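Accompanying notes for the structure given below.
The values are calculated or read from the model by the stated rules, or taken from the named source; none is laboratory data. Owing to the predicted nature of the structure, the values given are computational and were not obtained by experimental measurement. Every residue, glycine among them, receives a Cβ derived from its backbone with ideal geometry; neighbour counts consider all protein chains shown.
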Amino acid sequence: MTRGLFPQIKICGLTSADPAVGCADLGVQAIGCVFYPKSPRHLEDETARAICRAVKGRVQTVGVFVNAPLETILQKVRDCGITMVQLHGQESPNLVRRLRREGIPVIKTLFANAAPDFSATPLYQASAFLVECSGGTLPGGNAKTWDWSQAKSFGERHPCILAGGLTAENIGTAIGQAMPRAVDVSSGVESAPGIKSLDKVAHLVEAVTALGLSDPGGDLAPVFSRCAVGC
């Protein structure tokens, strides 16, 4: 187990319970369940419930949404056992506030090259921010690398989760350039869309561990350290 791992690791786009348990066994701190019908990693509620049940109390379970209405998000949190919410579209600051009022920690995605960008940060009262470079057909980085150093100054001031084309082979470079609180990896640990390779997850964890970094502390708490909804 590597609970003290820094930066923390979120593996996103799990599509079944067994790999989620495997990720927890390897020491990642969070897994992502995607609720976006256009994504090949989209989950129906039954599958999401099985995943969240299998890892309850071991890792944070993050529900990923794209421009979904408040009622849909609350239903998934309630019925599936989600402990955090990630908003990965052009959601309003008001949606973030309303979720926070419900006691739900919120990660808001910002983009280096699209709206909402880093300048929108003051508008959102998010628990943390995921940063990446938009590109391709889906509302994310679509496995494309980018100039991760653009996130460094942002991460010095805000709880930052770095995403975008991350793999075991480049994670050290990305962390060195951006120094984020956490990293988010999906396709970089897959054998096919939605099919996680635990060997690749293990190599990623080993690569982060090999950096020998420790949590610098200060005002920015680790993103996934505090118990969230339903833990």
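Right, Ala24: part of a helix (DSSP H, G or I) and within 18 Å of the chain's Cα centre (by Cα) or not?
Yes, satisfied.
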*Of the residues Lys38, Lys10, Lys76, which is charged (D, E, K, R) and assigned to a helix (DSSP H, G or I)?*
Lys76
_Which numbered condition in (1) within 16 Å of Gly32 (Cβ to Cβ); (2) among the charged types (D, E, K, R); (3) in a helix (DSSP H, G or I) is the only one that Asp199 fails?_
(1)
*In the stretch 98-132, what residues are charged (D, E, K, R) and more than 19 Å from Thr83 (Cβ to Cβ)?*
Asp117, Glu132
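Looking only at the stretch 79-101, which residues are in a helix (DSSP H, G or I) and surrounded by fewer than 22 Cβ atoms within 10 Å (Cβ to Cβ)?
Asp79, Pro93, Asn94, Leu95, Val96, Arg97, Arg98, Arg100, Arg101
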*Is it true that Lys38 is within 19 Å of Ser186 (Cβ to Cβ) and of a type in the set (D, E, K, R)?*
yes
*Look at the stretch 104-134 and say how many of its residues are farther than 15 Å from Ala151 by Cβ and either in contact (Cβ under 8 Å) with a residue 60 or more places away in the chain or among the polar types (S, T, N, Q) (or both).*
4
*Applying the selection to the stretch 102-145, what residues are hydrophobic (A, V, I, L, M, F, W, C), at pLDDT 90 or above, crowded, with 21+ Cβ neighbours inside 10 Å and touching a helix residue (DSSP H, G or I) at 6+ places or on another chain (Cβ under 9 Å)?*
Ile104, Val106, Leu110, Phe111, Ala126, Phe129, Val131
*How many residues does the stretch 174-194 contain that are out of contact with any Ser or Thr (no Cβ under 7 Å at 6 or more places or on another chain), assigned to a strand (DSSP E or B) and surrounded by fewer than 17 Cβ atoms within 10 Å (Cβ to Cβ)?*
1
*Name the residues in the stretch 195-206 that are crowded, with 24+ Cβ neighbours inside 10 Å and among the β-branched types (Val, Ile, Thr), would you?*
Val201
*asked:* Being under 18 Å from Pro222 (Cβ atoms) and either modelled with pLDDT of 95 or more or among the small types (Gly, Ala, Ser) (or both) is the requirement here; does Val21 meet it?
replied: no
